[in-house]
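**Q** Can you read through this structure? Questions will come right after.
The values are calculated or read from the model by the stated rules, or taken from the named source; none is laboratory data. Since this is a predicted model, take the numbers as computed values, not measurements. Quick reminder, even Gly has a Cβ in these numbers, built from the backbone with ideal geometry, and neighbours come from all protein chains shown.
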Amino acid sequence: MARVELKNLRKEWLGATAAVAGVDLAIEDGAFVAVLGPSGCGKTTTLMMLAGIYQPTSGEITFDGARVNDVEARGRNVGIVFQSYALYPNMSVLDNVMFPLRFKTIERTEAERRAREIAALVRVDGLLDRRPSQLSGGQQQRVALARALVKRPHLLLLDEPLSNLDAGLRLTMRTEIRRIQRELGVTTILVTHDQIEATTMADRVVVMNGGRVEQEGAADDLYERPDTLFVASFIGSPPINLFEGQADAGVAKFHEATITLSEPVRGPVVLGIRPESLQAAERGTPARVTAAEPMGREVLYTADSAFGVIRFLEAGAEPRHREGDNVHLDFSPASALLFDKASGRRMDARIAV
Amino acid sequence: MPDFARAQLRRQRINFGLFLGPALVLLFLFFVAPIVIDLGLAFTDMGRTLRVSQFTLENFERMFTRDTRLLGALGITFIFVVTTLGVFNVTFALLLALVTTAVPPRLGAFFRAVWLLPRMSPSVVYALLWLWVVDPNERGLLNQIVVHVFGLPPVDLRNNHPLLVIILANGFIGASLGMLIFTSAIRSIPEHLFHAARVDGAGSLAIVRHVTLPALRWPISYMTIHQTLSLLVSFEYILLITAGGPFYDTTVFSLYAYRRAFESGDYAYGAALSLILVVIGVVAALAMWRLMDMQRLLQPARIEVH
Amino acid sequence: MAAVDSIAGGAVEARADWQALARRAWRTRFTGQSALLAFLVVVSVPILLPYFWMVVIAFTARTGGVASDVLWTACAVIVPAVLIYSVVHMSVGSRRLRLAIGITLVAIAGTLLLALVGGKLHLDNFRFLTRANFVEELRTKATSGRQFPSVWTAFSNSLALALSQTVIILTVASLAGYYISRFAFRGRNVFLQGLLVLHAFPAMTLIIPIFLMLYWIGLLDTIIGVMLVLAAIELPFYVFVMKGFFDGVPWDIEMSAMTDGATRRQAFRLVVLPQVRVGLIAVAVFAFIRAWEEYIFVRTFLIENTNWVMSLYLFWVADDVMGVDYGIVAAVAVFYVLPSLLLYVFCQKYLTQMTIGGIKG
């Protein structure tokens, strides 16, 4: 277990823009943190630097306050589960799991005992004689997890662990990984582009974009109080409705709608309203439904409104409105978010009540 | 048959002849026919006159009972093939592949290019360079170092250790092909495997043992068979550097057949000796074919419309 | 839970001294890389040195001498320069600074070389290019009654051989490769298997029967004969290579050409062939170089000295003259190697495109 800190971490590949452009992060001992972001945002590169596979161009990585930049991968005692699992194809499952213990001064019998122990924890103890090619995706992943944990790592790193699994397996493994992490209390960093994965598995979520950290905090913090436009649109499914407009002296005009703001804002602004915050009611903004998509538990409607094209949700499997229907959309002013268009940052100003 | 179908059939036949015809003719005439000729020739008595007067088993009788030089040639062939293969073509090639992939890529590519020089140069030039290097008087490159740096008398490798010279000469050539194949195989190992091993705590030697070498098992076996065959039948460099001498001291089996035919004029006997090599060649070719992944090469054709 | 405790507790004991680990890691990495590089340099010297020597001799040697002092002097200048630069390369980070240092080093080495050995350079060894009877001039009598043709005869013979062989291979291999790639004809598998066996089969074993066959046909001692033989022997390989290239061209291009009204042959010529341009160039260059460097077949099949190609010419010149004048032999060798060397250097990226079933040739 270790407390991990990243200080102004940068990684530049020769001649290209920085993959990681100054990341500051502090992760407590025993915490489960998810690094969330689109592909190319630098999250996997950061992970590789933590493991010691890539060398940072500048900045510092510390474990428990001690600088580990120059310590090789094999000296850092880090466990990593790759997206491809990277199991050694010519060894059995047991040998795969035992592999890291070869490089520690442990007796073979003791190493085998530990391997079997961790295999039982991860629930692959029935597969120990098989080769990786004989395992399913989910089984391979558990073996990779066992191999990462058998060396009692300071840090566990997971690179998109669930993306190669089918939906049902994903659900199972989410709970499994959570369970194992809680039982062992090992500091864990998970990297993913799937916000559901991030918000359901980790205690804290770090959102990255373009090599930088956009925001970090608990999942509901990010949901209700996103610091930037990017975070607001990345977190939340279906994605938030965004409307661009112009504000002058506290009055903002979006497409055909005009609203008064709580502060005398001036300049280009973006208004954000989540689909789940909208309700079709007696009174509210008029809108005409253009599409209805049943999504199982709820129906997603697309409608034309004074603000522009707007989407809203309604619970229930059957659509209650059809194309062409006129509805009134109501929402609580507090749930609407306002962003400064130039900087992308959320403003404190709200819709005036 | 309706006109349309007949026209199509005719077009089919023309296309077949046009596209495949030349290849078939060329191959049959200059590749397949010689094999048949060799088969027949081995049973004749053709000598310097290049005329056949009778069919006989005399050649084989001579081969198995009366030819003492042949035994010597076989022995030399054995030493030559085993040593060159074991030391250079496989082992050293592996070493080169491993080392050039362990240093920064540009440097590795540079050294691989250097080791490709022997194979890429014309055989005459390469042989000439070897002759200069092992020149027995003081001008030879090797002797310049031996005499001026170590203060020893000049060595005459050509006459005293000719086998060593041809083993080295062929070895450098053989190592480069293996180096290429092994490097390509190493490069195709997914990088994540190396990362995982490094994080698991493996040092460089352990990585070679557990990740690199297992992936090279197939290329190594393929190379071994392929190079054994190649060393058995090729004698170009030997001919150029030592001409099989002094006397017959470096004459391997394939060169022996050549010399018997073109130096002594025993064409039929040479053909008979070559026949043995032809048989070995066919068997080995079939074996390698079995070993190789034929699926991709025998992929079904795209279309059937003519 | 026992398992959890032992796993969780174990991490505490592993809290290591990070500083020491970092230091040790740096040390092993440095010594490891240096050792590997030293090894590579040591084994590469025996290869580089003779080639360098040959070039040096060609430009400095005189009749009866070997000019090894020039070689060692040149080495004494070049080797330290290279070493200095490699140390600089590894320690200096800025690319611009490295380039500047590199250029100054080259300049220094160049002037040193010029000063030390410049006076010894001469082109006398290349006189074989203009004087056809240089051999008789060296030996008081021509040895073994052999008359030497002009080097340009040999050169043009080589050129003729290489070019015509390349043309034949290009045509035949493209046609056959295309047909195999596109058509499912009866016996296709047999044909492919046969090609594979022929490809793996060592053609050198057939040199005796081929000799006789050429004699019977009357093509012995002709460039045409050699050309046909070489083309046939290399054909299986090139057919596979061209097939590979054709396989990479999506067939819907031809289909749309044919629905546009073209016949198969026209589609092949106008639409498909341009797509495999890279493959054609690669095959052409490879085949040319191969024929340029051929020795054993030409030695066996060509007898009259007016039919000599460059490889034979070089061999006999060396055989006759080497005891006396290294310089000329080296010069001939340099002249011989130049065309294929230039081709290699300039067509590098085409040559690396050649593959057969995944194994690059």
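**Q** For residues that are touching a residue at least 60 places away in the same chain (Cβ under 8 Å) and at the interface with another protein chain (Cβ under 8 Å from one of its Cβ atoms), scanning just segment B:114-127, find the one that is nearest to the chain's Cα centre (by Cα).
**A** Our first condition is that a residue be touching a residue at least 60 places away in the same chain (Cβ under 8 Å); within segment B:114-127, this holds for B:115-116, B:123-124, B:126-127.
Narrowing the set further to residues that are at the interface with another protein chain (Cβ under 8 Å from one of its Cβ atoms) leaves B:115, B:123-124.
Numbers: B:Trp115: 17, B:Ser123: 13, B:Val124: 17 Å.
So, considering only residues that are touching a residue at least 60 places away in the same chain (Cβ under 8 Å) and at the interface with another protein chain (Cβ under 8 Å from one of its Cβ atoms), the one nearest to the chain's Cα centre (by Cα) is B:Ser123.
**Q** Something else: Given the conditions (1) more than 18 Å from the chain's Cα centre (by Cα); (2) closer than 15 Å to B:Tyr256 by Cβ, and given that B:Arg51 satisfies all but one, which numbered condition is not satisfied?
**A** In the conditions (1) more than 18 Å from the chain's Cα centre (by Cα); (2) closer than 15 Å to B:Tyr256 by Cβ, B:Arg51 misses (2) alone.
**Q** Let me ask something else. Could you pull out the residue among B:Arg62, B:Arg6, B:Arg11 that is in contact (Cβ under 8 Å) with a residue 24 or more places away in the chain and either in a loop (DSSP other than H, G, I, E, B) or away from every other protein chain (no Cβ under 14 Å) (or both)?
**A** Values: B:Arg6 fails: in contact (Cβ under 8 Å) with a residue 24 or more places away in the chain; B:Arg11 fails: either in a loop (DSSP other than H, G, I, E, B) or away from every other protein chain (no Cβ under 14 Å) (or both).
Being in contact (Cβ under 8 Å) with a residue 24 or more places away in the chain and either in a loop (DSSP other than H, G, I, E, B) or away from every other protein chain (no Cβ under 14 Å) (or both) holds for just one of B:Arg62, B:Arg6, B:Arg11, which is B:Arg62.
**Q** Then there's this: Could you give every pair whose Cβ atoms fall below 7 Å, whose first residue belongs to segment B:149-164 and is over 8 Å from B:Pro136 (Cβ atoms), and whose second residue is of a type in the set (S, T, N, Q) and part of a loop (DSSP other than H, G, I, E, B), counting only separations of at least 6 or pairs across chains?
**A** As it stands, the answer is B:Pro162/B:Thr242; B:Pro162/B:Thr250; B:Leu163/B:Thr250, since those pairs meet every condition given.
**Q** Return the residues of segment C:169-194 that are at the interface with another protein chain (Cβ under 8 Å from one of its Cβ atoms), of a type outside the set (D, E, K, R) and in contact (Cβ under 8 Å) with a residue 40 or more places away in the chain; say none if nothing qualifies.
**A** C:Val172, C:Ala173, C:Ala176, C:Tyr178, C:Ile180, C:Ser181
**Q** Another question, then. Only one of A:Leu271, A:Leu229, A:Leu242, A:Leu261 is touching a Gly at 6+ places or on another chain (Cβ under 7 Å), under 30 Å from A:Thr46 (Cα atoms) and hydrophobic (A, V, I, L, M, F, W, C). Can you tell me which? Spell out how you get there, then give the answer.
**A** Numbers: A:Leu271 fails: under 30 Å from A:Thr46 (Cα atoms); A:Leu242 fails: under 30 Å from A:Thr46 (Cα atoms); A:Leu261 fails: under 30 Å from A:Thr46 (Cα atoms).
After ruling out the rest, the residue left standing is A:Leu229.
**Q** Additional query: One residue is enough: does segment A:248-260 have a residue meeting the conditions under 30 Å from A:Gly30 (Cα atoms) and either among the basic types (Lys, Arg) or in a loop (DSSP other than H, G, I, E, B) (or both)? Let's see the steps before the verdict.
**A** Looking only at segment A:248-260, we keep the residues that are under 30 Å from A:Gly30 (Cα atoms), and these are none.
No, the conditions are met nowhere in segment A:248-260.
**Q** Does C:Val229 count as farther than 20 Å from B:Leu39 by Cα, at the interface with chain B (Cβ under 7 Å from one of its Cβ atoms) and modelled with pLDDT of 90 or more?
**A** Numbers: farther than 20 Å from B:Leu39 by Cα: no; at the interface with chain B (Cβ under 7 Å from one of its Cβ atoms): yes; modelled with pLDDT of 90 or more: yes.
Answer is no for this residue.
**Q** Give the residue, chosen from A:Thr105, A:Thr17, A:Thr45, that is β-branched (Val, Ile, Thr), within 25 Å of A:Phe234 (Cβ to Cβ) and within 14 Å of chain B (Cβ to nearest Cβ). Even if it seems obvious, please write down each step before you answer.
**A** Working: A:Thr105 fails: within 25 Å of A:Phe234 (Cβ to Cβ); A:Thr17 fails: within 14 Å of chain B (Cβ to nearest Cβ).
Selected residue: A:Thr45, the only one of A:Thr105, A:Thr17, A:Thr45 that is β-branched (Val, Ile, Thr), within 25 Å of A:Phe234 (Cβ to Cβ) and within 14 Å of chain B (Cβ to nearest Cβ).
**Q** For B:Leu39, indicate whether it is hydrophobic (A, V, I, L, M, F, W, C), assigned to a helix (DSSP H, G or I), touching a residue at least 40 places away in the same chain (Cβ under 8 Å) and within 14 Å of another protein chain (Cβ to nearest Cβ).
**A** Numbers: hydrophobic (A, V, I, L, M, F, W, C): yes; assigned to a helix (DSSP H, G or I): yes; touching a residue at least 40 places away in the same chain (Cβ under 8 Å): yes; within 14 Å of another protein chain (Cβ to nearest Cβ): yes.
Considered against the rule, which asks whether it is hydrophobic (A, V, I, L, M, F, W, C), assigned to a helix (DSSP H, G or I), touching a residue at least 40 places away in the same chain (Cβ under 8 Å) and within 14 Å of another protein chain (Cβ to nearest Cβ), B:Leu39 comes out as yes.
**Q** Go through segment C:273-323 residue by residue and tally those that are in contact (Cβ under 8 Å) with a residue 24 or more places away in the chain and not in a helix (DSSP H, G or I). Show your work before the answer.
**A** Keep residues of segment C:273-323 that are in contact (Cβ under 8 Å) with a residue 24 or more places away in the chain, which gives C:273, C:275-276, C:278-294, C:296-298, C:300-313, C:316-317, C:320-321.
Next cut, not in a helix (DSSP H, G or I) only: C:276, C:293-294, C:302-304, C:308-309.
The qualifying residues number 8.
**Q** Is it the case that B:Leu70 is part of a helix (DSSP H, G or I), touching a residue at least 24 places away in the same chain (Cβ under 8 Å) and either more than 12 Å from chain C (Cβ to nearest Cβ) or under 30 Å from C:Gly177 (Cα atoms) (or both)? Reasoning before the result, please.
**A** Working: part of a helix (DSSP H, G or I): yes; touching a residue at least 24 places away in the same chain (Cβ under 8 Å): yes; either more than 12 Å from chain C (Cβ to nearest Cβ) or under 30 Å from C:Gly177 (Cα atoms) (or both): yes.
For B:Leu70, the condition - part of a helix (DSSP H, G or I), touching a residue at least 24 places away in the same chain (Cβ under 8 Å) and either more than 12 Å from chain C (Cβ to nearest Cβ) or under 30 Å from C:Gly177 (Cα atoms) (or both) - is met.
This table checks each residue for (1) free of Cβ contacts under 8 Å to residues at least 60 places away in the same chain; (2) small (Gly, Ala, Ser); (3) over 30 Å from A:Val4 (Cα atoms).
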| position | (1), (2), (3) |
| --- | --- |
| A:Ala120 | yes, yes, no |
| A:Leu128 | yes, no, yes |
| A:Ser136 | yes, yes, yes |
| A:Gln140 | yes, no, no |
| A:Arg147 | no, no, no |
| A:Leu165 | yes, no, no |
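**Q** Restricting to segment A:166-180, and then to whatever is over 14 Å from A:Ala144 (Cα atoms) and among the hydrophobic types (A, V, I, L, M, F, W, C), can you tell me which residue is surrounded by the fewest Cβ atoms within 10 Å (Cβ to Cβ)?
**A** Initial filter on segment A:166-180 (over 14 Å from A:Ala144 (Cα atoms)): A:166-172, A:174-175, A:178-179.
Of the ones still in play, those that are also among the hydrophobic types (A, V, I, L, M, F, W, C) are A:167, A:169, A:171.
Details: A:Ala167: 7, A:Leu169: 17, A:Leu171: 13.
In this case the residue turns out to be A:Ala167.
**Q** Spot the failing condition for A:Glu314; the list is (1) without any contact (Cβ under 8 Å) to a residue 40 or more places away in the chain; (2) part of a loop (DSSP other than H, G, I, E, B), and only one is missed.
**A** That leaves (2) as the condition not met.
**Q** So which strands (runs of 3 or more DSSP E) stay within segment A:130-241 end to end and still have 3 or more residues that are within 30 Å of A:Leu278 (Cα to Cα)?
**A** Numbers: elements: A:155-159, A:187-192, A:204-209, A:212-217.
Of the strands (runs of 3 or more DSSP E) lying wholly inside segment A:130-241, those with at least 3 residues that are within 30 Å of A:Leu278 (Cα to Cα) span A:204-209, A:212-217.
**Q** Enumerate the pairs (first residue in segment A:207-234 and surrounded by fewer than 19 Cβ atoms within 10 Å (Cβ to Cβ); second residue anywhere and small (Gly, Ala, Ser) and assigned to a loop (DSSP other than H, G, I, E, B)) with beta-carbon separation below 7 Å, excluding pairs fewer than 6 apart on the same chain, so at least 6 apart or on different chains.
**A** As it stands, the answer is A:Tyr223/A:Gly236; A:Thr228/A:Gly344, since those pairs meet every condition given.
**Q** So in segment B:156-185, with the set limited to residues that are aliphatic (A, V, I, L, M) and in contact with a Leu (Cβ under 7 Å, 6 or more places away or on another chain), which one is surrounded by the fewest Cβ atoms within 10 Å (Cβ to Cβ)?
**A** Here is the first cut: in segment B:156-185, the ones aliphatic (A, V, I, L, M) are B:157, B:163-169, B:173, B:175, B:177, B:179-181, B:185.
Narrowing the set further to residues that are in contact with a Leu (Cβ under 7 Å, 6 or more places away or on another chain) leaves B:157, B:164-165, B:175, B:179, B:185.
Values: B:Leu157: 20, B:Leu164: 14, B:Val165: 22, B:Ala175: 27, B:Met179: 25, B:Ala185: 21.
This residue is B:Leu164.
**Q** Further question on the same structure: Quick check, is A:Gly272 under 24 Å from A:Pro226 (Cβ atoms) and touching a helix residue (DSSP H, G or I) at 6+ places or on another chain (Cβ under 8 Å)? I'd like the intermediate steps shown before the answer.
**A** Numbers: under 24 Å from A:Pro226 (Cβ atoms): yes; touching a helix residue (DSSP H, G or I) at 6+ places or on another chain (Cβ under 8 Å): yes.
Yes.
**Q** Does B:Leu193 satisfy being touching a residue at least 60 places away in the same chain (Cβ under 8 Å), within 14 Å of chain A (Cβ to nearest Cβ) and more than 30 Å from B:Leu131 (Cα to Cα)? Give the steps one after another, and end with the answer.
**A** On the way: touching a residue at least 60 places away in the same chain (Cβ under 8 Å): no; within 14 Å of chain A (Cβ to nearest Cβ): yes; more than 30 Å from B:Leu131 (Cα to Cα): yes.
Spelling it out, it is not the case that B:Leu193 is touching a residue at least 60 places away in the same chain (Cβ under 8 Å), within 14 Å of chain A (Cβ to nearest Cβ) and more than 30 Å from B:Leu131 (Cα to Cα).
**Q** Pick from segment C:77-123 the residues that are surrounded by 15 or more Cβ atoms within 10 Å (Cβ to Cβ) and of a type in the set (D, E, K, R): which of them is farthest from B:Pro104 (Cα to Cα)?
**A** Only one residue tops the list, namely C:Lys120.
**Q** Pull up segment A:321-353, narrow it to residues that are out of contact with any helix residue (DSSP H, G or I) (no Cβ under 7 Å at 6 or more places or on another chain) and of a type in the set (Lys, Arg), then point me to the one that is surrounded by the fewest Cβ atoms within 10 Å (Cβ to Cβ).
**A** Residue satisfying both the conditions and the ranking: A:Arg322.
**Q** Among the residues of segment A:67-117, write down those that are in a loop (DSSP other than H, G, I, E, B) and either aliphatic (A, V, I, L, M) or at positive phi (or both).
**A** To start, the set of residues in segment A:67-117 that are in a loop (DSSP other than H, G, I, E, B) comprises A:68-72, A:76-77, A:82-92, A:104-107.
A:Val68, A:Val71, A:Asn77, A:Tyr85, A:Ala86, A:Leu87, A:Met91, A:Ile106, listed by residue number.
**Q** How about segment B:149-250: which helices (runs of 4 or more DSSP H) wholly inside it have at least 2 residues that are under 25 Å from C:Ile47 (Cβ atoms) and not small (Gly, Ala, Ser)? Talk me through it step by step, then tell me what you get.
**A** Working: elements: B:157-160, B:162-187, B:191-200, B:204-207, B:217-233, B:236-241.
Result: B:157-160, B:162-187, B:217-233, B:236-241.
**Q** With respect to the numbered conditions (1) of a type outside the set (Lys, Arg); (2) buried (at least 18 other Cβ atoms within 10 Å of the Cβ); (3) part of a helix (DSSP H, G or I); (4) at pLDDT below 90, which one is the sole condition not fulfilled by A:Phe307?
**A** Only one criterion is unmet by A:Phe307, namely (3).
**Q** Yes or no: B:Ala268 in contact (Cβ under 8 Å) with a residue 12 or more places away in the chain and touching a strand residue (DSSP E or B) at 6+ places or on another chain (Cβ under 8 Å)?
**A** Yes.
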